[in-house]
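Only one structure is covered here, and it is reproduced in the block below.
Values in this text are rule-based calculations from the coordinates and carry no lab data. Keep in mind the model is a prediction, meaning the values are calculated, not measured. Methodologically, a virtual Cβ is constructed for each residue, glycine included, from the backbone with ideal geometry; neighbour enumeration extends over all protein chains shown.
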Amino acid sequence: MRNPQLTRDIIINESADLFNTKGYKATSLSDITTATGFTKGAIYKHFKNKEDLEQQALRSLSKRMSNILLLK
């Protein structure tokens, strides 16, 4: 059984890592499909476009950083 939220989380986490290491412009959708194992269609089912995905990924990274800082 498929879990849409898990799929979305995987896409966000993998994309966030790619955007962080390669940069937004240098990260292609093909890079994201390779990292996640999902098709472009699956990615576009959850996000309007690459920019939408980037915004969600940045929010995710921001939450991760805040949680780390709050635990210290």
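A few points about this structure:
- If the condition is being among the polar types (S, T, N, Q) and surrounded by fewer than 16 Cβ atoms within 10 Å (Cβ to Cβ), then region 14-55 contributes 20, 21, 28, 30, 34, 39, 49, 55.
- One residue alone among 66, 15, 30, 62 is among the polar types (S, T, N, Q) and either in contact (Cβ under 8 Å) with a residue 24 or more places away in the chain or assigned to a loop (DSSP other than H, G, I, E, B) (or both), and that residue is 15.
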